[in-house]
Amino acid sequence: MTAITDRQKLQYIAAQAADARVNVELEAEGMTLNIGPQHPATHGTLRIVARLDGEQVIAAEPIPGYMHRGYEKLTEVRTYAQVTALVNRIDWLGSFANEVPFILAAEQLMGVEAPPRAQWIRTLLFEMARISNLILFLGDMAVQLGAVTPAFFAFRDREYVLDQIERVTGGRFHPNFDRIGGLKDDLPQGWLADTKATMDKVRAFCDEIENLLMGAEIFQARTRGVGVIPPDVAQQYGLSGANARASGIDWDLRRDQPNGMVYPELDWKVWTHPDGDSFARFWVRLQETREAANIVEQCCDGVPGGPIMAKVPRIIKVPAGEAYVSTENPLGEMGYYVVSKGDLTPFRVKIRSASFNNVSIAPWILRGVYVPDIITILASLYFILGDIDR
Amino acid sequence: MPKPPFPKPKVPGVLKGMGITLRTAKETVFPNGPIPQPSKGAVTVQYPHDADLPADRARGVISLKEDNCTACMLCARECPDWCIYIEGHKTLAPPRREGGKPRKVNALDRFDIDFSLCMYCGICVEVCPFEALFWSPEYEYSELKIADLLHDKSRLGQWFETVPDFEPLESGSEVKVKKVPR
C-alpha cells in the first residue's frame, strides 16, 4: 500500500470543499431572474422579476412604468379634439377602440347623441379594430411557443384589415376618426363591399390558425392546464375581456352596457370557456375574432342612411360634470372617467385600461409555474404595454 | 380540473400544421406551374423597385394652397405639438372691381411645418376654414438631416400637386363631397 502524498491530501480537501460549495448553492434560497424590460413576450417594456427555486418560480412581480407617458396629465392641457389624437396611442393595436369610450363620455356630458349612421359605422370600426388587434394575438401567441409561421400569416392577414381602416380613416394605426357627436368623415364608395370581402379573408385566417396551431400536440401540451385562473380569482383581480370569459365568467360589456353602440340590434354571441387555462384564453379570442367578423358583416348590411354628425358647436366646451363610460375593448374593459369644469379642456381624466388589471394577476398566477411557462402565460394574458403604462 | 374530452385526430396536428405551411409556401413561390415566381405569388412588394400606393385618404404629408391662406393662425393654435410656424403682415391688394378701394389682406411671409414634430393627427387640416391645407398620400420625403424635415411654404405648395380628388361617398351618405380647389 502506497502512502498518501501531501498532494493527494490537498486534492481531496479541495474536492470536498468544492462539493460543499455546490451543496450550499443548491440549498440556497434561489436565484432572481430578471425578465425584461425588453423581451419579445412583453409587447413593449414590462419587467418581471422572478425568484426561482430551480426551474420553479417562488415569487414573481411585474414592474410596469418603463413606458409611462403621462396621458392622464396630458389630457388636462389638451382640447377634446386633441385628446382623441392622444388616446389613439394607448392600445396601439386596436386604436379606434380607445377613442370610443372617451367620446361617449364627452357626449354624455354634453347631452349629444350621435346620429344612427354614425353609431353603426362606429360599431363597425370598433369591431375592425378588435379584429386587427386579435389577429396579431393569434399569431403572436404562437411565436412565444416557438412557432414562427402563424406570425407571418397574422401579419399578412392583418394588413387587409388595416388597409380597409386606412381607406376610411386615413391612418393604419392611429385613425383619429371619432368626433364628439359623430364621425369625421363618411365612408368612401365601395368600401362596404370590400370590407365584406376582407371579412371572408379574416374567417379563412381563423380556420387556418385553427388547423395550424390548435390541433398541434406541442401547442396543447404547452397550454392545456397551464396558468389556470379560477373564476373567483379572476373576479378578485378585476380581470376583464377575454381573460375573464376564458375563466367561465359570462360578462361582456358589449351586451351588458351597450351605451351608444348598436350591439343590441345585431345577432351575435358571447363566447366563454370553462377551463381558464392558456388554451381557453386562446380559444376564446379565436372565437371572438370570428364573431367580430360576423358583427362587421351585419353592420355592413345594416348601415342606415343619414347624417354622420350631430349638431355640435365648432368650439367644443363640455359643460361641468363628470361621467364614466366603459366599453368592451379588444383587451378588456376600458373606461374613461371624465371630469369637466366647463373649459376647453377636461379638468381630470382617469383612464381605466384593461391591461393594467389583467397583468396585475401575474404574481398570483406565476407562483409555482416553470420558467418556460412564464412566457406562455404572459402571452396568453395578452397585454399591451401602452395600455398598462398609458 | 378535469379536462374536456378531446378526440384524437387521424393526422397528428403537428403534421397538419406543417402541411398548411408547405401549401402556403408552394402557393407563394410556385403560383402557377413548376417555375418559381416568388414575386408573383407574394403579397409584399419589392419596395424601391415597386411601390404600393397608400389609400387616397392616407395622411402622408400636409400640402398648402398658399392663395387660400389668410394667416389666421387657427392651425398653429390647434396643433397639439405646435409644429406649425406662421408669420404674416398686413398689406394692400388691388381692388376686385375697377375703381374700388384697395383691399386689406394678410400676406403670408412664412408657413413652415416641422414634420419631425408632426404627429399626423390632421387637426390643422380639419380646422382650416379657408381650405388652404390638404392631406396628400405621398410619403417619400425622408431626409438625412432632421432640420431638412422643416418644409417651408414653397415645399408645402409643391405637395399640393399630389393631392388626390376627394372620393365619392358610400350610398346613404348626406355629406357633400368637397372639391379640391385647383
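Just so you know, all these numbers are worked out from the coordinates, no wet-lab data involved. Predicted, not measured: the structure shown is a model, and the values here were computed from it. A quick note on method: Cβ atoms are made from the backbone with ideal geometry, for glycine too, and the neighbour counts reach across all protein chains shown.
Return one number: the angle in degrees, 0 to 90 and rounded to the nearest 10, between the long axis of the Cα atoms of helix A:191-209 and the longest principal axis of the Cα atoms of chain A. Helix A:191-209 sits roughly 20 degrees off the main axis of chain A.
Annotation: extensible slack from B:Lys40 through B:Val105 equals 17.8 nm (criterion: 0.36 nm per residue apart, minus Cα-Cα distance).
For A:Arg352, B:Arg182, the sequence from fewest to most other C-beta atoms within 10 Å is B:Arg182, A:Arg352.
Round to the nearest 10 and give me the degree value, 0 to 90, for the angle of helix B:13-29's Cα axis relative to the longest principal axis of chain B. Helix B:13-29 sits roughly 50 degrees off the main axis of chain B. Each residue of the stretch A:55-72 was assigned a 3J(HN,Hα) from its phi angle through the Karplus expression (A = 6.51, B = -1.76, C = 1.60, θ = phi - 60°), giving 9, 9, 8, 8, 8, 9, 9, x, 10, x, x, 6, 10, 5, 10, x, 5, 5 Hz with x at Gly and Pro.
Put in line by how crowded their Cβ is, counting other Cβ atoms within 10 Å and starting with the fewest, A:Arg7, A:Arg224 read A:Arg7, A:Arg224.
Candidate cross-link partners of B:Lys176 among the aspartates and glutamates, defined by an alpha-carbon separation under 14 Å and a same-chain spacing of 8 or more, comprise A:Asp185, A:Asp186, B:Asp165, B:Glu167.
Only alpha carbons enter this Debye calculation for the stretch A:81-356, each as an equal point scatterer, and the log10 of I(q)/I(0) it gives at q = 0.09, 0.10 Å⁻¹ is -0.41, -0.51. Packing, as the average of other Cβ atoms within 10 Å across residues, places the peptides A:110-117, A:124-131, A:136-143 in the order A:124-131, A:136-143, A:110-117, highest first.
Against the main long axis of the alpha-carbon atoms of chain A, helix A:95-110 sits at an angle near 50°.
Helical runs assigned H by DSSP (4 residues or longer) give chain B a calculated mean residue ellipticity at 222 nm of -5500 deg cm²/dmol, each run adding -39500 (n - 2.57) before division by the residue total. In straight-distance terms, cross-link reach from B:Lys90 covers every one of the lysines whose alpha-carbon lies under 24 Å from its own, apart from those fewer than eight places away in the same chain; here that gives B:Lys65, B:Lys101, B:Lys104, B:Lys153. Computed per residue of chain A from DSSP H runs no shorter than four, each worth -39500 (n - 2.57), the mean residue ellipticity at 222 nm is -15500 deg cm²/dmol.
The relative contact order of the stretch B:61-162 comes to 39 percent, based on Cα pairs under 8 Å that sit 6 or more residues apart. Between B:Glu27 and A:Leu10, the simple label model (points 7 Å from Cα in the Cβ direction) yields a spacing of 7.3 nm. At full extension, B:Tyr120 and B:Lys176 could sit 17.7 nm farther apart than now, given 0.36 nm per residue minus the alpha carbon distance.
With each label modelled as a point 7 angstrom along the Cα→C-beta vector, the A:Glu72-A:Asn211 pair spans 4.8 nm. The listed peptides A:267-277, A:66-76, ordered by packing as a protection proxy, come out as A:267-277, A:66-76 (highest mean of other Cβ atoms within 10 Å first).
Pairs of lysine residues in chain A that meet both criteria, 8 or more places apart or on different chains and Cα atoms under 26 Å apart, total 15. At R0 = 60 Å, how high is the FRET efficiency between A:Ser360 and B:Asp67 if r is their beta carbon distance? Nearest 0.05 is fine. Efficiency at R0 = 60 Å is approximately 0.60. By the count of other C-beta atoms within 10 Å, a proxy for reagent exposure, A:Asp157, B:Asp112 are ordered fewest to most as B:Asp112, A:Asp157.
Among B:Ala147, B:Ala58, B:Ala107, determine the one that fluctuates most according to a GNM of chain B built with springs between C-alpha atoms less than 10 Å apart. In this elastic network of chain B, the residue with the biggest mean-square fluctuation among B:Ala147, B:Ala58, B:Ala107 is B:Ala147.
If you take all other residues with their beta carbon under 14 Å from the beta carbon of A:His68, and give Lys and Arg +1 and Asp and Glu -1, the sum is +2. Gain on full extension, evaluated as 0.36 nm per residue between A:Glu61 and A:Val148 minus their Cα-Cα distance, stands at 28.5 nm. Taking Cβ atoms as reference points and 11 Å as the exclusive limit, the residues near B:Thr24 contribute a net charge of +1, counting Lys and Arg as +1 and Asp and Glu as -1.
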